[in-house]
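The values are calculated or read from the model by the stated rules, or taken from the named source; none is laboratory data. Computed from a prediction, not measured in an experiment: that's the story for all the values here. Backbone-built Cβ (ideal geometry, glycine too); neighbour counts: all protein chains shown. Note: accessible area is taken over every heavy atom of the protein model, side chains too, but ligands, DNA and RNA are not part of it. Shrake-Rupley method; radii C 1.70, N 1.55, O 1.52, S 1.80 Å.
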Amino acid sequence: MAKHPWIKWLLVLIGIVGLGLVLRFVLVWRELAGVARAVELVTIVLASIWCYLGLHWRRDRLWAGTQRTYLILSNATWLAALLAYELGRTNWAVNLMGIWSLIAIGLLGIWFITALVSAGNPITGIARTVIMQATRLHIVKVVIVAVVLMIILLPGALDAEERLNYRVTFYLVWSLRLATFLLSVMTAVLGCYTICHDLSRKQMYMLAAKPVARFQYLVGKWLGLVLLTVVLCAIVGVGVWLGARTLANEPLPNPVTPEAWRNQQIAMKDVLAARVTSYPVPGSRTNLQGLVEEQFETLKRESPLQLPEKLSDLDSTTRSGLQGKAIERWHTIDPRANREFYFEGFKSLADKYDAWAQRRGELGKRYEALMRENRTEEANALRTRSASDPPPIESLTLRLKPKYGATPDDGMLRLAVRIGGQIHESRDIPNDTLREINIPLHLIEPDGRVLVELANVDIRNPQWQPPSPIRFEPYEGLEMLYTAGTFEGNVVRGMVVHWVRLGFLAMLAIAAGTFLGFPMACLTSLFVYAIAVFSSFASESVDAYASFSVKDLSKWDVFMNILKGIWNGIITGEFWSIGKLAITLIGNIVLLIVPSFGYYNSTPLLSDGRMVSMELIFETLLHVGVIGTGVCLFIGWMLFRKKELATVTV
C-alpha cells in the first residue's frame with residue numbers, strides 16, 4: 001500500500017460509489033424517490049471531487065492534465081443533461097449522455113487495446129505501432145463524430161407521419177449501412193496506408209534489421225487493425241442501439257390514439273427484438289410424398305421418353321426439383337379448399353405458459369378462499385402478488401404474405417384463418433401484402449406445436465367464389481416468428497459479424513499493399529470487398545450472362561458445362577460464344593473465392609427483429625474469419641517474402 005498510494009485512492013473511490021449505490025437502492029425500495037435522487041447527486045459530486053484531488057496529487061505526470069480535461073468535460077455534459085431533463089427535454093438529455101458514452105468508449109477502448117499489446121513481442125509491438133498511427137491520424141475521432149451526427153440527424157430526417165415501427169426499421173437499416181460503409185472504407189484505407197507508408201518512407205529498413213519475420217510483420221499489422229475495429233464496432237453498436245431505443249420511446253401523442261400505441265408496441269416487441277423463424281411442416285392430412293408422385297406423373301405425361309418408369313430411378317437433381325414443385329403445390333390453396341400447416345419447436349414456451357397459468361390458478365383459488373373467510377387484508381396482499389407475476393413476455397407472430405394468381409377487381413384478398421382450433425377474425429387484405437397475426441401462447445399444443453389452417457374462402461359470404469388459387473412463396477410467404485432473445489444481445493452478435501468482415505478486409509488491404517502502391521491497393525481491396533458485398537447480385541448477373549440455364553445446377557456442373565461449351569466453341573469456331581463462356585468462368589471462379597457478404601450480413605436480421613444466430617457467427621468466423629482471411633494472409637506473405645526492399649548499388 002505504501003509503495004502504491006493510488007490503491008488507497010481507488011479503494012476510497014470505490015467506497016464512495018458503492019455506498020451511494022447501496023443507499024439509493026434502499027431508498028428506492030422504501031419508495032423514497034426524492035431522497036434517492038438527492039443521494040445520487042451527492043454521490044456523483046463527492047466522486048468527482050475525489051477524482052479532482054487524485055489528479056491534483058499526480059499533477060507531475062503528463063497524463064494528469066489530459067485526464068483533468070476529460071473529467072471537466074464529463075461533468076459539464078452531465079450537468080447539461082440534468083438541466084435538459086429537468087426542463088422536460090428528455091431527448092436532449094439522452095443525446096448528450098449518448099455522445100458522452102461514445103466518447104468514453106472510444107477513449108477507454110483505445111487505452112485498453114494499447115495496454116493489451118504492450119508486451120515485448122514482435123507481433124504486439126507492430127500492432128501497438130498501428131494503433132498509435134491510427135490515433136495520430138484521428139481515425140477514431142472521425143468515426144465518433146460521424147456516428148454522433150447519424151444518431152442526432154437521421155431520426156429527425158424521417159417522416160414523422162410515417163408509422164413508428166417503419167421509422168425504426170428504416171433507421172436501423174440505414175444507420176447500420178452507413179456506419180459499416182464508413183468502417184469498411186476506413187479499414188481499407190488504413191490497412192493500405194500502414195504498409196505502403198512503411199515501404200515508401202523506408203521505415204521497413206529498420207524493421208528488416210531487427211529479428212522480425214515478414215510473417216510476423218503482416219500478422220502484427222492485421223492484429224492492430226482488428227483491435228482498432230473492435231473499439232469502432234463497439235462505438236457503432238452503442239450508437240445504433242441508443243438511437244433505435246430513443247426513437248422507439250418517443251412520446252405518444254396527447255391524447256393517446258390506439259393506432260399510435262399499437263405502432264409503439266410493434267416497434268418495441270417486433271422490431272427491437274430477437275425473433276427466431278419457424279417454417280411450416282406438413283400435417284396429418286398433407287401427403288407430401290403423394291404430391292411428389294403427382295408431379296412425377298405429370299412430368300412423365302409431358303415427356304414420356306425422357307423419364308424412367310419409377311420415381312426411385314430418377315437422378316438426384318430431378319428428384320430435388322420435383323420435391324421443390326411439391327412444396328410449392330402444398331403452399332397453394334385452391335378455391336374453396338383449405339390447407340393445414342404445423343409449426344414446431346415451441347415446447348419451452350408452452351411449458352412456461354402452463355407453469356404461469358398453474359401459478360395463477362392456485363393464487364386465484366387461494367384468493368377466493370380468503371375472501372370467503374373475510375380475510376380481506378391477506379386477500380389484497382395475494383392479489384398484489386398475483387399482479388406482480390405477469391404472463392410470459394415471449395410472443396408468437398404468424399407472418400403470411402398470400403397472393404392470388406389473378407388479381408381481383410378490388411385488389412383485395414379474402415382468407416379464412418384458424419389457429420389452434422380457434423377461428424381468427426377474417427379481414428380483407430391487399431393482394432400480395434405482408435400481414436402479421438399475434439398468437440396467444442395458450443394456443444400452443446402441449447407438444448410445442450401450433451396448428452394453422454388456411455382456407456381460400458370468405459367466411460362472411462359463403463357463396464363467394466375465389467378468383468384463383470392462393471399461393472405462398474415457400475420459406476418466405478408463410479412463417480412463424482417467436483421471441484428468443486433481447487435486442488441488446490442481437491446488436492452485440494450483429495456487430496461481431498461485421499467485425500469479422502472488417503478483419504477480412506483489413507488482411508485484404510494489407511495483402512494488396514505488399515505489392516501495389518497506395519492508390520491501387522485501396523482500389524483493389526475496395527473492389528474485392530464490393531464484390532463480396534454485392535455477391536448475390538453479381539452471381540445473378542454472371543448466371544444471366546451464361547449461354548445456358550444454370551437453374552438447379554451445382555457449381556461443379558456449371559463449371560463442367562462452361563468447359564464443355566468452350567471446347568464446342570473451339571471446334572465450331574464460335575469465338576463470341578467462347579468469350580462469353582470465358583467471362584462466365586472467370587466470374588464464377590471469383591465468386592467462389594470471394595466470400596459472399598450477402599449471406600454473412602446481420603443488418604437485414606437486426607432491422608427485421610430477427611435473431612442473429614450463433615450458427616451465423618460461427619459460419620462467418622469459419623468462412624470469412626479463418627478461410628478468407630487466411631487465404632489473404634497466405635497470398636500477402638508469399639508476395640511479401642520475395643519482395644526486394646532495397647537494391648544493392650556498387
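Observations on the structure shown:
- Sequence of Asp60, Asp270 when ordered by accessible area, the most exposed leading, probe 1.4 angstrom: Asp60, Asp270
- Global form of the stretch 422-468, assessed from the alpha-carbon gyration tensor, a/c cut-off 1.5: prolate
- Measuring r between the beta carbons of Thr114 and Trp6 and using R0 = 25 Å, the FRET efficiency lands at 0.85.
- Using a simple spin-label model with pseudo-atoms 7 Å out from Cα toward Cβ, Gln358 and Ala406 lie 5.5 nm apart.
- Normalised per residue, the accessible area of the stretch 383-533 is 45 Å², obtained with a 1.4 Å probe and no contribution from ligands, DNA or RNA.
- Glu368, Glu453, Glu436, Glu31, reordered so the largest accessible area comes first (probe 1.4 Å): Glu31, Glu368, Glu436, Glu453
- For the stretch 10-165: rounded, prolate or oblate by the Cα gyration tensor [a/c cutoff 1.5]: oblate
- Gain upon complete extension [Lys365, Leu149; 0.36 nm per residue less C-alpha separation]: 72.1 nm
- Length added when fully stretched, Glu615-Arg163, from 0.36 nm per residue minus Cα-Cα: 159.4 nm
- Calculated FRET value between Asn374 and Ile459, using beta carbons and R₀ = 45 Å, to 0.05: 0.35
- Label-point separation in nm, Val142 to Tyr52, each point 7 Å along Cα→Cβ: 3.7 nm
- Sites Ser468 and Glu436, calculated FRET efficiency, Cβ-Cβ separation with R0 30 Å, nearest 0.05: 0.80
- Chain lengthening between Val22 and Arg245 when straightened (0.36 nm per residue, less Cα-Cα): 77.5 nm
- Cα gyration tensor, the stretch 363-411 - rounded (a/c under 1.5), prolate or oblate: prolate
- Of the residues Glu161, Glu479, Glu615, ranked by 1.4 Å probe accessible area with the largest first, the sequence reads Glu161, Glu615, Glu479.
- Placing unit charges on each Cβ (+1 for Lys and Arg, -1 for Asp and Glu) gives the stretch 215-280 a dipole about its Cα centre, and among Gly220, Asn249, Thr277 the Cα reaching farthest toward its positive end belongs to Gly220.
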